[in-house]
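First the structure, in the form of structure tokens, and then the observations on it.
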Amino acid sequence: IIIQPTAEAATSIAARMIAGLLEEKPAAVLGLATGSTPLKLYGQLTRMELDWSGATTFNLDEYVGVPPDHPTSYHHFMREHLFRHVNLAPERIHLPDGLAPDIPSCCRRYEAEIRAAGGIDLQVLGIGTDGHIGFNEPTSSLASRTRIKTLTPQTRRDNARFFGSEEQVPHHVITMGIGTIMDARHCVLLAFGEKKARAIAQAAEGPITAMNPASALQQHPRVTFLLDEPAASEL
Ligand code: GLP
């Protein structure tokens, strides 16, 4: 657990980890996250002029029923904040398909693609106020794989700011499972602000429980929490 005075300072450490990985292993497989937390990270990474040409990426999640070019989709988010600024090969960018007609087979394919790429070297994570990682809401099986999930009212409220109103937030999402995330060789979780303090304290110091999905990371052999002081205030 690394605590920094500001989100910028914590983010710089994550950016250096990713830059180091891309230099050491140009064909690295990165797991990427959305939400407001990694925004600064993508900003810093795009300014570093790294070579992404050999890299492969897999995003954690996507809303069901939201087209990829819609401004609230995670496809759009990633394109705007990272993909259009770096030299990643389009065929090596992966996000779950929120419009897939057959969601279970789309999820199985996603898992197979991660395996075929050799597994994820470094997975970037944020955390929800209820302890969710990806969109693995409380009560998610700690062994879960990529699948469809229903969002909790809390998460729909938290994410309403991106949609204009709570009613417009989709009820369903496709997300990598906790088991999928646990397979990554290194997990880097970023959390900023007092609103995340409780979820972080429970994830790091509470019992391992499906009620705080991030607590599963206690059993991961290599996980780094990068926090600002407010997010660390209940540790
Ligand atoms: C969403 C994403 C998560 C993210 C969480 C926190 O629910 N699916 O991956 O960690 O939001 O969002 P924020 O970073 O905006 O607080």
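Can you put ARG156, ARG84 in order, fewest other beta carbons within 10 Å first? Don't skip to the end; give the middle numbers.
Values: ARG156 17, ARG84 10.
Neighbour counts put them in this order, fewest first: ARG84, ARG156.
Could you list VAL64, VAL29 so that the one with the fewest beta carbons within 10 Å of its beta carbon is first and the one with the most is last?
VAL64, VAL29
Roughly what % antiparallel, to the nearest 5, for the DSSP beta bridges in the chain?
Within the chain, antiparallel bridges account for around 30 percent of the total.
Where in the chain are the DSSP H helices whose alpha-carbon span along the long axis reaches 24 Å or more and whose Kyte-Doolittle mean is at least -0.5?
Passing helices, by number: 7-24.
Given the C-alpha centroids of the stretch 184-202 and the stretch 50-99, what is the distance between them in whole angstrom?
So the two Cα centres are separated by 23 Å.
Check the chain and count each lysine pair with an alpha-carbon distance under 25 angstrom, considering only pairs eight or more places apart or from different chains.
Counting lysine pairs in the chain gives 5.
With 10 angstrom as the radius, rank ILE18, ILE1, ILE127 by how many other C-beta atoms surround their C-beta, starting from the fewest.
Exposure proxy ranking, most exposed first: ILE1, ILE18, ILE127.
Could you quote the convex hull projected area for the stretch 25-112, Cα atoms only and averaged over all directions, in nm²?
5.8
Over all alpha-carbon pairs of the chain, lay out the pair-distance distribution in 10 Å bins, whole %, shortest bin first.
8, 35, 40, 17, 0
For the chain, give the magnitude of the charge dipole about the Cα centre (Cβ charges: +1 Lys/Arg, -1 Asp/Glu; no others), in debye to the nearest 20.
With Lys and Arg at +1 and Asp and Glu at -1, about 220 debye.
Read-outs: derived from the displayed coordinates by stated rules, not from any lab. Quick caveat: nothing in here was measured; it's all calculated off a predicted structure. In this analysis, Cβ positions are derived from the backbone assuming ideal geometry, glycine residues included, and neighbour counts consider all displayed protein chains.
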